[in-house]
1. Which of the numbered conditions does Ser21 fail, given that it passes all the others? Conditions: (1) in contact (Cβ under 8 Å) with a residue 60 or more places away in the chain; (2) in contact with an Asp or Glu (Cβ under 8 Å, 6 or more places away or on another chain).
2. In segment 36-56, which residues are touching a Gly at 6+ places or on another chain (Cβ under 9 Å) and more than 14 Å from Arg15 (Cβ to Cβ)?
3. Take the residues in segment 24-38 that are open to solvent by 90 Å² or more (accessible area, probe 1.4 Å) and not aromatic (Phe, Trp, Tyr), then tell me which one is farthest from Gly98 (Cα to Cα).
4. If I ask for residues that are surrounded by 11 or more Cβ atoms within 10 Å (Cβ to Cβ), closer than 23 Å to Arg27 by Cα and not charged (D, E, K, R), which ones from segment 69-89 would you list?
5. Pull up segment 1-18, narrow it to residues that are free of Cβ contacts under 8 Å to residues at least 24 places away in the same chain and over 11 Å from Thr92 (Cβ atoms), then point me to the one that is most open to solvent (accessible area, probe 1.4 Å).
6. Of all the residues that make up segment 9-24, how many are of a type outside the set (Ser, Thr, Tyr) and more than 14 Å from His47 (Cβ to Cβ)?
7. Filter segment 39-68 down to the residues that are in a loop (DSSP other than H, G, I, E, B) and over 30 Å from Val95 (Cβ atoms), then identify the one that is least open to solvent (accessible area, probe 1.4 Å).
Amino acid sequence: MVLEEFVKSVRKSDRLIVNDSTGELYRGYADCVQYSGLDGKREIKRHGLFAETYRKEEKKVGVAKYMIEGGEVPAEKIGEFQYSDLIVKIYTEIVLEG
């Protein structure tokens, strides 16, 4: 399967990480891959799920308060937090040939 076909098969709001032998080429939403300059005809070597976990932190701007992502939490430390205190981002990681 080529990258272009794969991107058409996922939801536009899915988060993607695209890698090849040189490193990370793209990180963002599937709908925006078309603007990244990646060659959509490249073959996919493998793909799978990847998760990043962060602590929630409160930020205040004037009277407004909202939650932002704090430091990244390693997988072995997740049990030390309540789930409501974490932000989890799930990506589909794609590794391209070459």
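The values are calculated or read from the model by the stated rules, or taken from the named source; none is laboratory data. On a predicted model such as this, the values are computed, not experimentally measured, just so you know. Cβ sites come from the backbone with ideal geometry, for glycine too, and all protein chains shown count toward neighbours. Surface accessibility is based on the protein's heavy atoms, side chains included, excluding ligands, DNA and RNA. Shrake-Rupley method; radii C 1.70, N 1.55, O 1.52, S 1.80 Å.
1. (2)
2. Step one: list which residues in segment 36-56 are touching a Gly at 6+ places or on another chain (Cβ under 9 Å), which gives 36, 42-43, 45, 54-56.
Hits for segment 36-56 are Arg42, Glu43, Lys45, Arg55, Lys56.
3. Within segment 24-38, the match that is farthest from Gly98 (Cα to Cα) is Gln34.
4. Matches in segment 69-89: Gly70, Val73, Leu86, Ile87, Val88.
5. First pass over segment 1-18, keeping only residues free of Cβ contacts under 8 Å to residues at least 24 places away in the same chain: 5, 8-9, 11-13.
Cutting the leftovers down to over 11 Å from Thr92 (Cβ atoms) gives us 5, 8, 12-13.
Working: Glu5: 104, Lys8: 162, Lys12: 142, Ser13: 81 Å².
Checking each candidate, the answer is Lys8.
6. 4
7. We begin by selecting, within segment 39-68, every residue in a loop (DSSP other than H, G, I, E, B); these are 39-42, 62-63.
Filter again for over 30 Å from Val95 (Cβ atoms), leaving 62-63.
On the way: Gly62: 77, Val63: 148 Å².
Looking at the filtered set, the residue picked out is Gly62.
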